[in-house]
Amino acid sequence: MKLKKMTAAICLSVLTLAGSVQAERPASFHDDYQLEEMVILSRHNIRSPLSGNGSALGNLTPHTWFRWTSGPSELSLRGGQLETMMGQYFGQWLESEGVIKDKNTYIPAEGEMRFYANSMQRTIATAQYFSSGMLPVANVTIEHKFAPSKMDPVFHPQLTFMSDAFRTQAMKEISAMGGQKGLQGINDKVENNYRIIEKALDLKDSPAAKKDGLTKFRSDDLQILLELNKEPAMKGSLKQANSASDAFILQYYEEPDKVKAGFGHKLTQKEWEEIAGIKDVYGDVLFTAPSVAVNVAHPLLQEMSKELAVPGRKFTFLCGHDSNIASVLAALEAEEYDVPQSIEKKTPIGSKLVIEKFKGKDGKAYAALSIVYQTTDQLRDRTALTLDNPPMIYPLRLKGLKANSDGLYKLEDLQARFDKAIRAYDALPQDTPVQKAA
């Protein structure tokens, strides 16, 4: 039915001064465009924190963190359930668009679909759960290149080019995020976030406070480290606070009792957003400066660009991390955005950068970009996703590209933007000697 065909697309959310509103594609949309392919770059779903209770993370609070259902950094049981639901939704979406027939019996022909994950447990498992929900009888093979848990260079957000001139330019771009105060300005922006997370942690009563005198996060100690063949990194309070922010976000998703999730504190929605905001700032600082993004996203940009041009391809699922989505969008020059109905405002857990490729009635090829994600309530409540009860679909815009009246870009313009971002890697500032990864 045409009504069902519309439903998958009508939850496109846009943020206005009034909040989140629904922006529907017109009723005539599917008369004018046929979806031919979907390319997805996904963040893994809910995992346990990267370190356990007995680590430095445990020393930041006198309380005991949630009893995680998986080992450090691994996909949790809830994460697997939620990703299965997301896969089920995408199967319904593709079926409603006529890309596949009955999802419950569909088995892709050779080359029609590709599922490729970073070689980490949480990304392989996410892809496996997604594929099982989307195509339950297809027994999809998840492509990964190494035994878990080794980072695949395609998904590893490492700096594969380095020169003194590049480091200087990158540091200038990162410092600009703090305005006239530079790195100190970045610290200043999270000062209020620090006070909220300190209170939620009861940091003043923590083992770190008693042993090391750590009663508050400093706002004057941010250091950025840019080294060849390593991920951009930092030292200082923002790194420590990010670890706590990450664990708090995951605990909030997992723990049914919101007060218990906040270690006995009745945190407001705004305060949860402030806690999650620390992690957003951390990711932006490390991975979204233009030169850094072009550098670390280079192999993934190439992979996505190739997938958009594979003959006969209907669907591609690439599973990585929030840093992958953030750096790819920065390299493609996406406009600034904050997603609604999520405490994470940039790349919520389990979110997907979705590129839809359409054939227009005029014979031309078009594309749309969006972030698809489960809302915080959907994550906490494990809400079943259907065409009538979808996840959030938030449209993305690229700077300098003009969309048509239906919100679509010409595919050739999007491909040109990918080409520009890929070529920018070779134009990164050089000096002598220049180091490049083998």
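Which helices (runs of 4 or more DSSP H) does the stretch 288-344 wholly contain that include 2 or more residues that are small (G, A, S)? Break it down stepwise before answering.
Numbers: elements: 290-296, 298-307, 322-331.
Of the helices (runs of 4 or more DSSP H) lying wholly inside the stretch 288-344, those with at least 2 residues that are small (G, A, S) span 290-296, 322-331.
Tell me which of these N59 doesn't satisfy, since it passes every other one: (1) farther than 27 Å from K211 by Cα; (2) in a helix (DSSP H, G or I).
(1)
Kindly state which strands (runs of 3 or more DSSP E) lie completely within the stretch 1-52 and contain at least 3 residues that are modelled with pLDDT of 95 or more. Break it down stepwise before answering.
Working: elements: 13-16, 19-22, 33-43.
Because the criterion is at least 3 residues that are modelled with pLDDT of 95 or more, the strands (runs of 3 or more DSSP E) in the stretch 1-52 that meet it are 33-43.
Regarding the stretch 75-92, can at least one residue be identified that is modelled with pLDDT under 95 and touching a Gly at 6+ places or on another chain (Cβ under 9 Å)?
Going residue by residue through the stretch 75-92, those that are modelled with pLDDT under 95 are none.
For the stretch 75-92, residues modelled with pLDDT under 95 and touching a Gly at 6+ places or on another chain (Cβ under 9 Å): absent.
Output the residue which, of all residues in the stretch 126-148 that are surrounded by fewer than 15 Cβ atoms within 10 Å (Cβ to Cβ) and polar (S, T, N, Q), is nearest to Y116 (Cα to Cα).
The qualifying residue nearest to Y116 (Cα to Cα) is T141.
Could you please find all residues in the stretch 222-240 being open to solvent by 30 Å² or more (accessible area, probe 1.4 Å) and in a loop (DSSP other than H, G, I, E, B)? First the steps, then the outcome.
Residues of the stretch 222-240 open to solvent by 30 Å² or more (accessible area, probe 1.4 Å): 223, 225, 227-231, 233, 235, 239-240.
Matches in the stretch 222-240: E227, L228, N229, K230, E231.
If we scan the stretch 370-391, do we find a residue that is in contact with a Gly (Cβ under 8 Å, 6 or more places away or on another chain) and either of a type in the set (S, T, N, Q) or over 30 Å from Q251 (Cβ atoms) (or both)? First the steps, then the outcome.
At the first step, the residues of the stretch 370-391 found to be in contact with a Gly (Cβ under 8 Å, 6 or more places away or on another chain) are 373-374, 379.
Going one step further and asking which of them are either of a type in the set (S, T, N, Q) or over 30 Å from Q251 (Cβ atoms) (or both), we end up with 374.
For the stretch 370-391, residues in contact with a Gly (Cβ under 8 Å, 6 or more places away or on another chain) and either of a type in the set (S, T, N, Q) or over 30 Å from Q251 (Cβ atoms) (or both): present.
Looking at M113, M86, M151, which is the one that is open to solvent by 10 Å² or more (accessible area, probe 1.4 Å), hydrophobic (A, V, I, L, M, F, W, C) and in contact (Cβ under 8 Å) with a residue 60 or more places away in the chain? So that I can check it myself, show each step before the final result.
Values: M86 fails: open to solvent by 10 Å² or more (accessible area, probe 1.4 Å); M151 fails: in contact (Cβ under 8 Å) with a residue 60 or more places away in the chain.
Going through M113, M86, M151 in turn, the sole match is M113.
So which of Q415, Q341 is at pLDDT 95 or above, touching a Leu at 6+ places or on another chain (Cβ under 8 Å) and open to solvent by 30 Å² or more (accessible area, probe 1.4 Å)? Give the derivation first.
On the way: Q341 fails: touching a Leu at 6+ places or on another chain (Cβ under 8 Å).
None of the other options fit; the residue is Q415.
Quick check on this structure: which one of P256, P299, P290 is under 21 Å from F161 (Cα atoms) and open to solvent by 40 Å² or more (accessible area, probe 1.4 Å)?
Details: P256 fails: under 21 Å from F161 (Cα atoms); P299 fails: open to solvent by 40 Å² or more (accessible area, probe 1.4 Å).
None of the other options fit; the residue is P290.
Go through the stretch 132-163 and report how many residues are farther than 14 Å from Q121 by Cα, in a loop (DSSP other than H, G, I, E, B) and of a type in the set (S, T, Y).
Qualifying residue count, the stretch 132-163: 3.
If you take the residues of the stretch 164-204 that are in a helix (DSSP H, G or I) and of a type in the set (V, I, T), which of them is most open to solvent (accessible area, probe 1.4 Å)? First the steps, then the outcome.
First, the residues of the stretch 164-204 that are in a helix (DSSP H, G or I): 164-176, 179-181, 183-189, 191-201, 203-204.
Filter once more, keeping what is of a type in the set (V, I, T): 168, 174, 186, 196-197.
Values: T168: 94, I174: 1, I186: 5, I196: 26, I197: 0 Å².
The residue in question is T168.
When you go through Y373, Y425, Y366 one by one, which is the residue that is touching a His at 6+ places or on another chain (Cβ under 6 Å) and among the hydroxyl-bearing types (S, T, Y)? Full working, then the answer.
On the way: Y373 fails: touching a His at 6+ places or on another chain (Cβ under 6 Å); Y366 fails: touching a His at 6+ places or on another chain (Cβ under 6 Å).
After ruling out the rest, the residue left standing is Y425.
Which of the residues that make up the stretch 94-107 are open to solvent by less than 70 Å² (accessible area, probe 1.4 Å), more than 27 Å from the chain's Cα centre (by Cα) and on the phi < 0 side of the Ramachandran plot?
The initial filter retains those residues of the stretch 94-107 that are open to solvent by less than 70 Å² (accessible area, probe 1.4 Å), namely 94, 96-100, 102-103, 106.
From what is left, the residues that are more than 27 Å from the chain's Cα centre (by Cα) are 98, 102, 106.
D102, Y106, listed by residue number.
The values are calculated or read from the model by the stated rules, or taken from the named source; none is laboratory data. Since the model is a prediction, treat every value here as computed from it, not as a measurement. Here Cβ is always computed from backbone atoms with ideal geometry, including for glycine, and neighbour counts include all displayed protein chains. For the accessible areas, the whole protein counts, side chains as well, though only heavy atoms, and no ligand, DNA or RNA atoms are used. Shrake-Rupley method; radii C 1.70, N 1.55, O 1.52, S 1.80 Å.
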